[in-house]
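Structure record follows, encoded as structure tokens.
Values quoted throughout were computed directly from the atomic coordinates according to the rules given, and no laboratory measurement underlies them. These figures come from a predicted structure and were not determined experimentally. Backbone-built Cβ (ideal geometry, glycine too); neighbour counts: all protein chains shown.
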Amino acid sequence: MGDTGVRRSIISQLETLYSGIYTATNVAFVGTHQHAGVGGYLENLLPQVTSLGYVKETADAIVAGTVLAVKRAHANLAPGKLSVGNTTILDANINRSPTAYLANPVLERGKYQYDQDKEMTVLRFDDENGNARGLLSFFAVHGTSLYELEQNNTLVSTDNKGMAAYLFESSVFTQNSKSFCVTDA
């Protein structure tokens, strides 16, 4: 889940570090909401209620971590290859509100085979030798596993796609190699 204040701060730092390279017109941010992360970094009032207000340290940490990731990625730029893949994945996601979906007009529902998008698209970034350097995936799945074994997860933790990114990086990269793996719903 993004925020314009966090975005402005990241863009400002990137423009200072890389004048003319990374700007508000060519940098995209992707993210997902989660139920097991830190709060207090959003500028809008309603999300601040649950974190008891704006927490500058949280926003600063998100900005610093993002800028550091871009610096590492920029320092490791190299020629490579981009490929795209699409597939249908069944039994991996559900419509969390089938009753609301059924309230859509019959003509609208008739355009789709399922009540949830089952298509996954993945952009794969390879180096010149064909080794995977990163993935950008698009798949409609709720980003957070809220409950496990019928117990409420109250720990600060990553989301489903963050875990997928971690597992990908762990399986492909050595401790000293860098990747820029991003996932998005």
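Here the peptides 67-76, 15-24, 130-139 are ranked by packing, the mean other Cβ count within 10 Å, and the order with the highest first is 130-139, 67-76, 15-24.
A simple spin-label model places pseudo-atoms 7 Å from Cα toward Cβ; at residue 106 and residue 124 they are separated by 4.4 nm.
Using R0 = 22 Å, the C-beta based FRET efficiency linking residue 171 and residue 140 works out to 0.35.
Find the all-direction average of the projected area of the Cα convex hull for the stretch 50-118, expressing the result in square nanometres with one decimal place. Mean projected area of the Cα convex hull: 9.6 nm².
In terms of packing, defined here as the mean over residues of other Cβ atoms within 10 angstrom, the peptides 80-91, 118-129 line up highest first as 118-129, 80-91. Sorting 98-104, 60-66 by their mean Cβ neighbour count within 10 Å, with the most densely packed peptide first, gives 60-66, 98-104.
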